[in-house]
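Remarks on the structure that follows.
The values are calculated or read from the model by the stated rules, or taken from the named source; none is laboratory data. All of these numbers come straight from a predicted model, not from anything done at the bench. Neighbour counts are summed over all protein chains in view; Cβ atoms, including those assigned to glycine, are modelled from backbone coordinates with ideal geometry. SASA here: full protein model, heavy atoms, side chains in, ligands and nucleic acids out. Shrake-Rupley method; radii C 1.70, N 1.55, O 1.52, S 1.80 Å.
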Amino acid sequence: MACKSFIHKYAFGALAAVMMAAGAAPMVFGADDGWLFAYPDVPENKNILSERCNYLVYHFWDRANLTTAFSSRQKLHNALGDWFGFMPYATADTVHLAIDRLIEKVGKSGPNTLTLAQMAEAWVYSDTSEIRSEELYLPFAKAAAGHKKISKAERQRFAAQAKVIETSGLNASLPAGLRFKGRDGRSMSIGDIKGESILLGFVDPTCGDCTLDMVRLSADPNVRDLTAGGEMTIVMLYGDEPDSQWEAKAATLPESWIVGAMPDADEYFDLSVTPSYYFLGSGYKIVAKQLVIDQILAAAAGVNSRRSREKK
């Protein structure tokens with residue numbers, strides 16, 4: 001799973017999973033302890049951490065009365081966080097089955113589906129999430145986006161989120177026909193970009209970090225070697241309509257870079273953080289995202305070092 005572990009003041013999931021795997025006594029919580037329902041008891045014959053967490057994730061909601069659970073919003077929110085807390089230690093197929101199972105159980109109710117999606121957004125997709133996992137959030141967003149008993153405005157909001165995740169999520173392949181304006185104003189598409197690997201960056205001319213990153217990229221000898229050898233193509237896009245500020249900034253960037261503007265970029269990419277970098281492999285597949293400049297420069301140095309050793 002593309003999800004890192006977390007512990008918060010409500011969630012005990014990750015900690016409990018490790019304790020149970022180490023042979024600690026079972027931990028059972030119920031309504032009398034301030035919890036919404038009693039969490040599952042893992043069978044004693046499940047001794048491996050992943051097996052125990054698979055059981056907990058899949059059977060987590062078995063004792064929950066989902067007809068009345070939504071009347072205790074805070075307790076339900078906390079329980080959802082605990083559930084997510086086990087997921088980093090479970091296998092991906094079990095996690096996906098468990099998520100689909102919960103969504104199906106509440107699927108007849110528009111308000112409950114909406115509440116569930118909103119809580120999942122808070123836990124694993126919002127800017128303030130303690131963890132962030134598009135993989136975990138996508139099924140909830142799609143469920144809300146497709147529910148006829150949810151308002152049109154809310155459906156559109158969730159549909160937009162799902163579109164961004166499906167277009168630019170890790171391991172997704174960018175559509176070759178996705179278009180942008182080159183620095184000379186002509187229309188270009190992702191399919192026009194050639195190279196063994198592509199560094200795709202979204203920057204803003206008023207962003208100080210963006211300017212510093214681009215200076216470091218253009219000055220780095222490893223990056224220059226890779227771009228000169230055709231092993232890496234750098235694409236820098238402004239996620240808005242090109243204006244005089246962007247045109248002035250674009251004119252200062254290396255001629256070897258592909259530079260342009262994509263006014264509708266936020267429909268396809270998560271631009272909540274600027275600058276935002278994606279690394280594309282064969283077929284425009286996203287192999288890395290949410291990179292920072294130090295990671296990019298370190299990767300370029302590593303490739304150059306490996307290439308030098310191979311030549312020797």
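Along the range 207-219 the Karplus relation, 6.51 cos²θ - 1.76 cosθ + 1.60 evaluated at θ = phi - 60°, assigns HN-Hα couplings of 8, x, 4, 4, 4, 5, 4, 5, 5, 5, 5, 5, 8 Hz to successive residues, with x for each Gly and Pro.
Per the helix-only calculation at 222 nm, which mean residue ellipticity applies to the chain, given -39500 (n - 2.57) for every DSSP H run of n ≥ 4 and division by its residues, nearest 500 deg cm²/dmol?
Values: 11 runs with 139 residues, N = 312.
Value at 222 nm, helices only, nearest 500: -14000 deg cm²/dmol.
Between the beta carbons of S50 and Q156, assuming R0 = 51 Å, the FRET efficiency works out to 0.85 to the nearest 0.05.
Look at where the Cα atoms of the range 67-129 and of the range 226-271 average out, and the two centres are 38 Å apart. In order along the range 88-101, phi translates into HN-Hα couplings of x, 9, 9, 7, 4, 5, 5, 4, 5, 4, 5, 5, 4, 5 Hz, rounded to whole numbers, per the Karplus curve 6.51 cos²θ - 1.76 cosθ + 1.60 with θ = phi - 60° and x for Gly and Pro. Taking the charge dipole of the range 121-200 about its Cα centre, with +1 at Lys and Arg Cβ atoms and -1 at Asp and Glu Cβ atoms, the residue from Q161, W123, A172 reaching farthest to the positive side is Q161.
Treating only the Cβ atoms of Lys and Arg (+1) and Asp and Glu (-1) as charged, compute the dipole magnitude of the range 157-249 about its Cα centre; round to the nearest 20 debye.
Working: 10 positive and 14 negative charges, 53 e Å.
Dipole magnitude for the range 157-249 comes out near 260 debye.
Treating r as the C-beta distance of L97 and D62 and R0 as 22 Å, the FRET efficiency rounds to 0.95. Compactness of the chain is given as radius of gyration and Dmax, 23.1, 69 Å, from Cα positions. Charge dipole (Cα centre; +1 on Lys/Arg Cβ, -1 on Asp/Glu Cβ; no other charges) of the chain amounts to roughly 500 debye.
Magnitude of the charge dipole for the range 217-288, about its Cα centre and with charges confined to Cβ atoms of Lys, Arg (+1) and Asp, Glu (-1), is about 320 debye. Projected onto their three principal axes, the Cα atoms of the range 175-312 cover extents of 48, 30, 27 Å, largest first.
If R0 is 25 Å, the Cβ-Cβ spacing of A172 and E231 corresponds to a FRET efficiency of close to 0.65.
By the rule of a C-alpha distance below 20 Å, with chain neighbours fewer than 8 residues away ignored, the lysines paired with K289 are K4, K163, K194. Relative contact order, whole percent, for the range 113-205 stands at 15, derived from Cα pairs under 8 Å and 6 or more residues apart. Annotation: extensible slack from A38 through Q245 equals 68.7 nm (criterion: 0.36 nm per residue apart, minus Cα-Cα distance). The accessible surface of the chain, taken with every protein chain in place and a 1.4 Å probe, is 51 percent carbon and sulfur. Under 16 Å Cα-Cα from K108, which aspartates and glutamates qualify once same-chain neighbours fewer than 8 residues away are excluded? By straight Cα distance, K108 reaches D100.
Using a 1.4 Å probe, what is the accessible area per residue for the chain, in Å²? Could the numbers behind the result be given before it?
Details: 15260 Å² over 312 residues.
Per residue, the chain has 49 Å² of solvent-accessible surface.
Among the GluC sites (Glu not before Pro) within the range 134-227, those in coil by DSSP and having at most 13 neighbouring Cβ atoms inside 10 Å are E196.
Normalised by the number of residues in the chain, what is the relative contact order in percent for Cα pairs under 8 Å and 6+ residues apart?
Details: 478 pairs, mean separation 43.4, N = 312.
Dividing the mean separation by the residue count of the chain yields 14 percent.
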